[in-house]
Amino acid sequence: MSNESLALNIKGEPYAAEAKELLRSKLIGKQKPKVAPILGMFFPLQVSVNMEYSRTIPTSESTPDLPDRTMNFGSVHLMDKKNPGEPGANVAEMVVVRGLASVVRHRGEDDRSMHYDALLEAESRAQKQKKGMHSSKEPPVQHLNDVSFGPSNKAKQFLPFLQRSGTVTALVEMVMNGHRLKLLVPKESAMIVFALSGVRTPSKGRDGGADEPYAAEALAFTRLQCMQMEVEIDVEAVDNTGTFLGNLRTVNKRVNLATSLLEAGLGSLHPMYDVNRNANGPELAAAENAAKQARLKIWENFVEPVASSTGDAEQAAETEDGNVEAFEATAMMVVDGSTLYVHRADKKARLDWLVGQLEGLGLKEAPATGGLYKPSVGALCCSRFTEDNQWYRARVTALSPDCSQVTVFYVDFGNSETLSAARLTTLDPSVSLQACPPLAVKCQLAYLKVPSLNEDFGMEAATALSEMVFGCTLAVRLEGREAAAGKWGGGDTMLVTLIDADASASVNARLVEAGLARVKKVRGKRAAVVAEGMKEFQERARQQRLCMWQYGDVDSDED
């Protein structure tokens with residue numbers, strides 16, 4: 001059977017999407033599941049497959065060194081509902097009779113399907129009835145907004161539509177790792193990248209690097225649960241790489257994917273994930289705790305903590321002279337592959353005080369200012385964040401020509417957004433920067449040169465850094481400071497080494513090892529020691545030709 005249809009290219013041949021959707025709706029997740037012998041998962045017994053013949057495909061002249069390929073051909077039947085265990089409708093006939101595929105014409109001596117005559121008859125019926133590709137009408141055109149790659153602001157434009165819609169039905173097009181998927185959202189005609197909020201699964205190695213333990217199992221688990229199936233999502237936010245964050249449930253099995261991964265010991269909650277701000281939070285925490293107690297998968301070596309982790313940051317930062325400043329912090333916003341904003345753990349009480357002060361001002365109940373407040377670039381204000389409708393301190397960074405739209409930077413969290421000027425009001429003196437300095441601390445990975453977002457591998461570096469640190473509690477070792485630049489200052493940039501207690505190397509070194517950053521030439525005894533320690537990771541990436549090293553050395557005397 002020749003199929004005009006199943007190419008992954010969105011702008012494929014006519015009736016490609018219709019053929020793919022027919023097979024998906026008929027074959028995926030429709031019959032009663034049986035327990036799989038591995039992983040304790042469920043999979044649907046869908047079809048009867050009968051292999052009929054093989055054919056050797058000779059090597060082409062352009063690739064003479066490659067061996068000949070052998071392709072196996074067979075027939076796929078749905079299971080007969082009236083006679084359990086017996087094959088029913090031929091899937092190939094179903095596609096052909098709807099005009100979504102054509103039948104290959106064989107030579108007399110060629111092997112062919114034992115159902116070949118039935119396929120020809122199905123095609124004849126489709127032609128007479130002018131079905132699908134045999135119709136004289138113009139084929140349908142699929143308009144799809146693919147926001148799964150490219151600048152993150154493209155994805156952010158879709159966030160309000162997905163949030164206003166509440167629970168949205170989507171189709172799983174690809175499973176990238178256990179907690180990260182590519183989804184088609186038919187209602188919005190959009191393709192998006194989606195990650196489970198607050199949950200992280202082990203990741204596969206980049207560009208040939210070693211996988212984290214149980215990465216393959218987590219990937220297989222998620223594929224078996226929802227690949228090519230209808231799911232329901234609730235979108236909460238979008239991160240700086242354009243990945244949408246939220247909850248996901250399968251439609252047929254009513255399975256919460258995050259809960260299932262945690263129960264199976266194939267995922268963990270971010271340390272700073274607030275279970276009380278999410279309706280599923282207590283359920284997720286209980287699932288993770290059960291897996292810990294049972295020592296499942298990633299928790300097989302779990303040891304119950306016997307004391308507070310206070311002081312871990314100081315211990316991680318100890319050096320020969322003992323004079324290096326260190327502190328514990330949570331990563332809140334990743335700007336690019338080298339820059340991020342964090343909350344210091346020792347400032348948590350101050351943050352809680354500030355949130356309480358803002359809530360006490362009663363701004364939540366205040367009517368829209370409707371132009372009473374006149375924003376100006378550089379001015380401090382209170383801005384009502386569109387994601388949660390709460391008020392936060394912000395600085396105006398840009399205005400539209402008619403001043404109706406304003407771009408603000410939230411000084412206590414490190415993120416920006418563009419919103420209506422009606423969502424701004426004057427900053428009360430009780431929460432001024434004099435009363436409480438900005439709590440978002442700007443950090444830059446020390447001694448590294450990382451591609452910017454518009455350079456090759458810049459987006460990959462930002463994504464990798466976000467996956468390593470977003471929402472995680474880290475030990476931050478201060479290597480230096482860079483004076484604030486710009487018209488409004490905003491505090492020095494801290495040049496740091498980030499240390500995750502669960503990883504064998506610093507975040508800086510892991511980014512270098514992935515070929516997404518390189519070590520700068522540095523001066524000073526301490527800087528030289530730290531930079532030299534990362535060069536072994538750089539050499540590994542260079543030898544394996546990972547990412548920025550794929551075409552050879554990229555060192556520059558300009559560093």
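The values are calculated or read from the model by the stated rules, or taken from the named source; none is laboratory data. The model shown is predicted, which means the values in this text are computed figures rather than measured ones. Cβ coordinates were reconstructed from backbone atoms using ideal geometry, including for glycine residues, and neighbour counts include every protein chain displayed. SASA here: full protein model, heavy atoms, side chains in, ligands and nucleic acids out. Shrake-Rupley method; radii C 1.70, N 1.55, O 1.52, S 1.80 Å.
Worth pointing out:
- Share of carbon and sulfur in the accessible area of region 422-559 stands at 47%, probe radius 1.4 Å.
- Whole-number Å³ per residue for the convex hull built on Cα positions in region 117-223: 209 Å³
- The Rg/Rh ratio of region 197-246, with both radii computed over alpha carbons and Rh defined as the Kirkwood radius, is 1.02.
- Protection proxy ranking for 459-465, 543-549, 385-391, 216-222, using the average of other Cβ atoms within 10 Å per residue and placing the highest first: 459-465, 216-222, 543-549, 385-391.
- Look at where the Cα atoms of region 64-111 and of region 159-188 average out, and the two centres are 32 Å apart.
- Antiparallel DSSP beta bridges within region 428-558, as percent of all bridges there, nearest 5: 75 percent
- Accessible surface, 1.4 Å probe, highest first, among residues His143, His179: His143, His179
- Vicinal HN-Hα couplings computed from phi for region 543-554 (Karplus, 6.51 cos²θ - 1.76 cosθ + 1.60; Hz; Gly/Pro x): 5, 8, 6, 8, 6, 5, 9, 5, 9, x, 5, 10
- To the nearest 10, the accessible area of Glu13 is 100 Å² with a 1.4 Å probe.
- Using θ = phi - 60° in the Karplus curve 6.51 cos²θ - 1.76 cosθ + 1.60, the 3J(HN,Hα) couplings for region 255-269 round to 9, 7, 4, 4, 4, 4, 5, 5, 4, 7, x, 10, x, 9, 7 Hz; x is entered for Gly and Pro.
- For Leu439, residues with placed amide H under 5 Å, excluding near neighbours: Asp412
- Largest accessible area first, the listed residues Met71, Met114, Met51 line up as Met114, Met51, Met71 when surface is computed with a 1.4 Å probe on the assembled protein chains.
- Largest first, the residues Lys20, Lys128 sort by 1.4 Å accessible area into Lys128, Lys20.
- Using the Karplus relation 6.51 cos²θ - 1.76 cosθ + 1.60 with θ = phi - 60°, the per-residue 3J(HN,Hα) values for region 195-201 come to 10, 5, 5, x, 10, 10, 10 Hz, with x marking Gly and Pro.
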